[in-house]
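Only one structure is covered here, and it is reproduced in the block below.
The values are calculated or read from the model by the stated rules, or taken from the named source; none is laboratory data. Everything quoted here is computed from the prediction, not taken from an experiment. Note that we place each Cβ from the backbone using ideal geometry, even for glycine, and neighbour counts take in every protein chain shown. Heavy atoms of the whole protein, side chains included, go into the accessibility calculation; ligands, DNA and RNA do not. Shrake-Rupley method; radii C 1.70, N 1.55, O 1.52, S 1.80 Å.
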Amino acid sequence: MKPNSPFSMVARYNSFRYAFRGAAVLVRTEHNTWGHALATIGVTAAGLYFGLTRLEWCAIALTIAGVWTAEAFNTAIEYLTDLVSPEYHPLAGKIKDVSAAAVLFAVIGSIVVGVLILGPHVMEVVRRALPY
């Protein structure tokens, strides 16, 4: 599509189609996404169970989106690195390591958010369950 071409519904449709195709590649090829999917389902179920506030849901949703986005960028960077450097190169390894670190940072942040938001709800359930 040319930079100044008119709006096209077909082009918009194709943009979404390509994005969903990319999401499918991500889920099919990256085993870490299975863990992200389980965590997403678990946190969503816990949030529904505990009746999170709108603000809590905003934090949870942004955190989940951040982890998935980091994983998608990491995968794209790994594919691109493999394309431009099919043979081993120390710099290519550093690129992949730093990219993976971004996912790690997002996951650690999501754990912190999860503990801060869900922790008090879990502790309340535990407190009610204790006999004293």
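Find the residue count for segment 53-95, including only residues that are open to solvent by 60 Å² or more (accessible area, probe 1.4 Å), closer than 23 Å to Gly22 by Cα and not aromatic (Phe, Trp, Tyr). Before you say what the answer is, go through the steps one by one.
Kept after step one, since they are open to solvent by 60 Å² or more (accessible area, probe 1.4 Å), are these residues of segment 53-95: 53-55, 57-58, 62, 68-69, 73, 77, 79-80, 82-84, 86-91, 94-95.
Subset that is closer than 23 Å to Gly22 by Cα: 62, 68-69, 73, 77, 79-80, 82-84, 86, 95.
So of that shortlist, the ones also not aromatic (Phe, Trp, Tyr) come out as 62, 69, 77, 80, 82-84, 86, 95.
Number of matching residues: 9.
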- Query: Within segment 109-128, how many residues turn out to be open to solvent by less than 80 Å² (accessible area, probe 1.4 Å) and over 26 Å from the mean Cα position of the chain (by Cα)?
  - Reply: 3
- Query: Out of all the residues in segment 88-132, which are among the aromatic types (Phe, Trp, Tyr) and part of a helix (DSSP H, G or I)?
  - Reply: Phe105
- Taking the condition modelled with pLDDT of 95 or more, in a helix (DSSP H, G or I), within 15 Å of the chain's Cα centre (by Cα) and farther than 22 Å from Val125 by Cβ, does Ala59 pass? no
- Tell me which residues, restricted to segment 29-52, are over 14 Å from the mean Cα position of the chain (by Cα) and at pLDDT below 95. Thr29
